């Protein structure tokens with residue numbers, strides 16, 4: 001039996017993805033896999049995505065690239081050359097997983113096909129991540145995060161009802177590519193489990209469009225079961241019928257998102273009413289009609305809008321942190337609306353180890369990185385190494401994985417293959 | 001290892017994995033939906049007095065509410081079984097413990113500490129099944145000062161930073177129009193369980209996994225967190241969020257424009273001068289290509305307000321679908337803002353790849369379901385059972401799987417244990 005401190009210690013991954021799939025390799029690498037980025041001599045284009053450390057635009061200072069390539073290794077290889085593809089094939093023979101996100105069957109056209117390589121390594125799992133999948137009329141269409149989230153459905157559910165005439169909105173932050181990468185990771189691991197049992201490899205065709213289309217909650221059922229397309233509403237759930245605003249400004253300028261209200265039990269209902277009464281006369285809410293909102297989930301618009309106008313007044317008169325903590329203390333799942341950096345100030349996430357210091361032993365100043373998405377008690381998530389510099393692992397990988405000699409490597413460098 | 005097969009004769013890779021599924025609402029059921037689709041035996045444990053909240057959530061088939069009639073529930077819980085159980089009754093707890101003893105995974109998404117109150121924390125589970133894999137999905141996780149806070153999708157995404165990152169600058173956040181983070185937390189749940197299964201295959205041991213839904217959202221803000229940690233730059237600053245324009249203003253045009261017809265919109269991303277020329281030709285605006293205000297990407301960014309006005313004027317006369325195809329054929333990234341109706345009825349890519357599949361439900365009839373977003377060469381997913389009627393499998397699980405005698409079954413039935 002092998003000794004495994006990390007869940008994927010036994011797995012070697014070749015990572016040829018661009019921004020569409022770069023997160024997949026990170027998820028595997030931070031769980032212990034040996035993930036080797038294979039980059040063109042000029043570097044993966046993700047190295048040019050901002051923001052940059054100290055605003056210094058170099059291929060080693062993209063914070064986007066730093067975040068998405070932790071725990072990986074980097075080698076250079078010009079796969080647009082015959083020699084380069086030949087070397088890539090040799091690496092595929094030694095690897096467990098190949099991740100790629102090329103358009104238009106680039107690797108196949110260069111001479112690397114699953115059919116052929118699986119004869120030399122039948123255990124190889126090849127995960128191809130594309131905008132729309134490898135087949136079908138859109139298979140050569142060009143995706144971007146904006147276009148992926150538009151075609152896939154989320155954008156149609158996001159927007160402003162209080163600003164009529166405005167377009168639907170696309171959330172910032174690469175959420176479309178993340179969703180594709182989540183499904184790529186799931187699919188790859190499923191194939192790995194199947195391989196654990198059968199020793200068989202797999203070719204996987206992941207469609208970002210389908211991944212996003214599977215992530216739109218009640219929008220599909222609303223159409224399929226009621227032939228309805230929901231309205232977009234400012235900062236809150238899409239809905240067939242309008243619902244009261246959910247975001248309210250506090251005295252100090254912060255914002256609270258109200259949800260799970262009215263609560264599901266009379267105990268919390270009473271505590272909410274008591275709190276509302278502290279700031280205003282709300283005796284009309286103390287009637288049986290309003291109590292039905294809890295007892296039989298009555299959602300008559302009149303009742304909902306009235307209740308929420310009281311809640312709005314309450315929140316307007318108080319500070320954000322107070323509202324958040326008090327609501328939570330009486331079991332109301334309200335949240336305050338934070339900008340990403342606000343979470344750095346919340347001790348809770350430091351206590352849980354979401355932020356980790358990845359500085360080397362001999363460095364005095366800590367280097368804090370986000371962030372563990374899960375806590376395992378036996379096989380921990382860990383940033384094993386900071387993002388690799390371009391080609392920093394050429395010698396190690398080419399010597400140890402492919403048994404190249406120093407002069408082999410020199411020759412490849414001279415010929416600009418690596 | 002013998003695998004079950006789907007109706008195409010493909011092996012189901014997670015055959016033989018049994019899951020005690022104590023989850024409800026969306027995030028947990030999303031995790032177990034993936035497992036059920038890929039062949040795992042997912043036993044959904046529900047209490048009749050308060051079954052899964054989504055059973056009471058619209059849309060309902062034919063607009064008629066009922067415990068087995070929610071389309072939203074049907075979509076999330078296909079391919080699963082249902083065991084109704086009162087775990088507050090000693091016999092009910094006995095059944096649950098016996099079920100754990102023959103299962104691989106236990107998953108719950110209650111508020112933290114619920115299972116501890118039941119006397120079923122991880123240590124107790126291990127006594128029943130030494131290699132059990134236990135996954136908890138909660139709002140803030142099982143450690144840290146906010147561990148008792150509760151969240152639903154919208155509040156968790158508000159706290160994580162994701163809500164703030166969507167919308168126009170100086171406006172309310174438009175946020176996510178639904179619980180995007182319920183899907184995402186569900187994906188991390190699936191990734192975590194697959195990792196733990198691989199580790200169990202290697203080492204023969206199970207483990208306990210703690211996921212905070214808020215942290216899964218924060219993981220998606222990593223680049224912006226680094227910008228703050230490394231550069232001290234906040235996301236909350238003038239100009240953010242960027243609306244539908246490119247973050248950091250790297251390319252233009254990058255926006256969503258109105259097209260002809262009711263609520264029709266198209267997303268367009270032009271990433272270089274070559275694409276700009278092709279774009280202008282397709283929309284019959286050679287004058288824009290020749291206009292000195294727009295001849296380089298830099299100029300298009302500088303003059304974005306004027307440019308967007310011009311494009312709004314031009315594109316509003318176009319049919320969104322026709323324009324998308326014309327632009328994509330020229331290599332320009334463009335996509336219709338598709339709602340659920342578009343995806344189900346007119347998306348030729350989803351149609352060609354058989355993304356939607358029908359399943360018959362015994363009470364409400366046959367409906368379409370979104371499929372699994374990846375295709376595998378040697379394995380497959382199934383779409384053969386609709387969501388379970390509440391408690392439909394109780395008797396067979398208790399007697400056939402767990403070996404209870406008829407007299408026990410009768411007694412438990414009369415005491416409403418299931």
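Brief remarks on what is shown
- Reported count of residues in region B:353-378, each being touching a strand residue (DSSP E or B) at 6+ places or on another chain (Cβ under 8 Å), touching a residue at least 40 places away in the same chain (Cβ under 8 Å) and over 15 Å from residue A:215 (Cβ atoms), is 5.
- Yes/no for residue A:264 being out of contact with any helix residue (DSSP H, G or I) (no Cβ under 6 Å at 6 or more places or on another chain) and at pLDDT below 95: yes
- Residue check for residue B:294: more than 14 Å from chain A (Cβ to nearest Cβ) and buried (at least 20 other Cβ atoms within 10 Å of the Cβ): yes
- Within the span defined as region B:167-189, one or more residues are touching a strand residue (DSSP E or B) at 6+ places or on another chain (Cβ under 9 Å), more than 30 Å from residue A:366 (Cα to Cα) and assigned to a helix (DSSP H, G or I).
- Residue check: residue B:384 meets all listed conditions (1) exposed (fewer than 15 other Cβ atoms within 10 Å of the Cβ); (2) within 33 Å of the chain's Cα centre (by Cα); (3) at pLDDT 95 or above but one, namely (3).
- When residues of region A:369-391 are limited to those that are crowded, with 17+ Cβ neighbours inside 10 Å and closer than 19 Å to residue A:62 by Cβ, the one farthest from the chain's Cα centre (by Cα): A:391
- Of the candidates B:79, B:86, B:68, the single residue that is assigned by TED's automatic domain parsing to the domain that holds residue B:402, part of a loop (DSSP other than H, G, I, E, B), modelled with pLDDT of 95 or more and surrounded by 24 or more Cβ atoms within 10 Å (Cβ to Cβ) is B:79.
- Taken over region B:238-291, the criterion of being within 11 Å of chain A (Cβ to nearest Cβ), assigned to a helix (DSSP H, G or I) and crowded, with 18+ Cβ neighbours inside 10 Å is satisfied by B:247, B:275.
- Count of region B:31-53 residues, restricted to those that are in a helix (DSSP H, G or I) and more than 9 Å from chain A (Cβ to nearest Cβ), is 6.
- Of residues in region A:372-407 being touching a residue at least 24 places away in the same chain (Cβ under 8 Å) and not in a loop (DSSP other than H, G, I, E, B), the one farthest from the other protein chains (Cβ to nearest Cβ): A:398
- Selection within region B:196-229: residues that are surrounded by fewer than 23 Cβ atoms within 10 Å (Cβ to Cβ) and more than 7 Å from chain A (Cβ to nearest Cβ). The member of this set that is farthest from the chain's Cα centre (by Cα) is B:204.
- Test result for residue B:74, modelled with pLDDT of 95 or more, part of a helix (DSSP H, G or I) and within 14 Å of another protein chain (Cβ to nearest Cβ): yes
- Any hit, region A:298-312, residues being closer than 30 Å to residue B:77 by Cβ, in contact with a strand residue (DSSP E or B) (Cβ under 9 Å, 6 or more places away or on another chain), crowded, with 18+ Cβ neighbours inside 10 Å and not assigned by TED's automatic domain parsing to the domain that holds residue A:131: no
- Residues in region B:292-302 that are within 13 Å of residue B:250 (Cα to Cα) and either in contact with a helix residue (DSSP H, G or I) (Cβ under 6 Å, 6 or more places away or on another chain) or assigned to a helix (DSSP H, G or I) (or both): B:297, B:298, B:299, B:300, B:301, B:302.
- Residues of region B:92-124 classified as touching a residue at least 12 places away in the same chain (Cβ under 8 Å), within 12 Å of chain A (Cβ to nearest Cβ) and assigned to a helix (DSSP H, G or I), total: 1
Residues checked against (1) farther than 22 Å from residue A:184 by Cα; (2) more than 7 Å from chain A (Cβ to nearest Cβ); (3) without any contact (Cβ under 8 Å) to a residue 40 or more places away in the chain:
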residue: B:151; (1), (2), (3): yes, no, no
residue: B:159; (1), (2), (3): yes, no, no
residue: B:165; (1), (2), (3): yes, no, no
residue: B:187; (1), (2), (3): no, no, no
residue: B:194; (1), (2), (3): no, no, yes
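- Residues satisfying the stated conditions in region A:108-128, i.e. without any contact (Cβ under 8 Å) to a residue 60 or more places away in the chain, buried (at least 19 other Cβ atoms within 10 Å of the Cβ) and in a helix (DSSP H, G or I): A:117
- Filter result for the condition that a residue is surrounded by fewer than 24 Cβ atoms within 10 Å (Cβ to Cβ), within 7 Å of chain B (Cβ to nearest Cβ), in contact (Cβ under 8 Å) with a residue 12 or more places away in the chain and in a loop (DSSP other than H, G, I, E, B), over A:178, A:203, A:160: A:160
The values are calculated or read from the model by the stated rules, or taken from the named source; none is laboratory data. This structure is a prediction, so every number in the text was calculated from the model and none was measured. In this analysis, Cβ positions are derived from the backbone assuming ideal geometry, glycine residues included, and neighbour counts consider all displayed protein chains.
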